[in-house]
1. Label points 7 Å out from Cα along the Cβ direction at Asp162 and Phe52: separation in nm?
2. What does the charge count near Lys49 come to, summing +1 for each Lys or Arg and -1 for each Asp or Glu among other residues with Cβ under 12 Å from its Cβ?
3. From Cα coordinates alone, what are the radius of gyration and Dmax values for region 5-135 in angstrom?
4. Across region 72-170, how large is the tail of the calculated P(r) beyond 21 Å, expressed as a percent of all Cα pairs?
5. Roughly speaking, to the nearest percent, how much of region 81-127's 1.4 Å accessible area is carbon and sulfur?
6. Do any trypsin sites (Lys or Arg not before Pro) in region 1-68 lie in a DSSP loop with no more than 16 other beta carbon atoms within 10 Å, and if so, which?
7. Using the Karplus curve 6.51 cos²θ - 1.76 cosθ + 1.60 with θ = phi - 60°, work out ³J(HN,Hα) for each residue of region 185-202 in order, rounded to whole Hz, and write x for Gly and Pro.
8. Compute from the Cα atoms of region 124-222 the Rg and the Dmax, the latter being the longest Cα-Cα distance, and quote both in angstrom.
Amino acid sequence: MRHGSIESFFLEGSAGRLEALLNLGVTGAPYACLACHPHPLFGGTMHNKVVFHAMKALNAFGLPVLRFNFRGVGTSAGEHDYGRGEIADVRVALDFLAQRFSVPLIFVGFSFGAAIGLRAAVPHPRVEALVSLGTPLNADGREYTYALLHESKQPKLLISGDHDEFAPPEQLARVFANAAEPKRLVVIPGADHFFTGELDQMSAALSAWLHEVIGLAAPPAV
């Protein structure tokens, strides 16, 4: 299969089949990536614009990128489990990538996908880098904490907007301060939680980090 091709299939999760899409990378790609979508109860799917733009940025470096629908979303089996079962869904996706590609993994999550996915990605033995987009701190009636980032030695990138209604900048700064090095925080002026009108800036920040920190060759100009 060639770079740019897409495979559609199902992963076998603990609650049943999980609908998935894999954007293929180049032969010999140094990493494989997982991108997790926002909250299922508020319309989040693997086709979310932020997740799609993150996938495009990763795939531009020739990396394969897996997206999937959490349980109960789209044609995925099961029903929403308020974060508990969704952690297991992320593990299934990471394990699939580890088996399919003999390379380290990069985890990317947006909003709920970040809050839940990091719990599976940080301890996963093949995950070597972490990206959290629109890191939620107060959302859907609950508070999210990220104490696990204090022990994580993986390179970490947090990208949020300074008008993110679910992550006040001062609170996000405290979460970032408590995270272990290496780490980078990018706050995009004027951007809300969904990076409305600022998706290009979000993608550019992700691409710059992949090049400068992860060491990937800059993708060719389009």
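The values are calculated or read from the model by the stated rules, or taken from the named source; none is laboratory data. Just so we're clear, the structure is a prediction, and the values are computed from it rather than from any experiment. Cβ atoms come from the backbone with ideal geometry, glycine included; neighbour counts cover every protein chain shown. All accessible areas refer to the heavy atoms of the entire protein, side chains included, with ligands and DNA or RNA removed. Shrake-Rupley method; radii C 1.70, N 1.55, O 1.52, S 1.80 Å.
1. Here the modelled spin labels are 2.9 nm apart.
2. Overall, the nearby charge balance is -1.
3. Looking at region 5-135, its Cα Rg and Dmax stand at 13.0, 38 Å.
4. The share of Cα pairs beyond 21 Å in region 72-170 comes to 36 percent.
5. 52 percent
6. Arg2
7. 10, 10, 10, 8, x, x, 8, 8, 4, 9, 6, 4, x, 10, 5, 5, 5, 4
8. 13.9, 43
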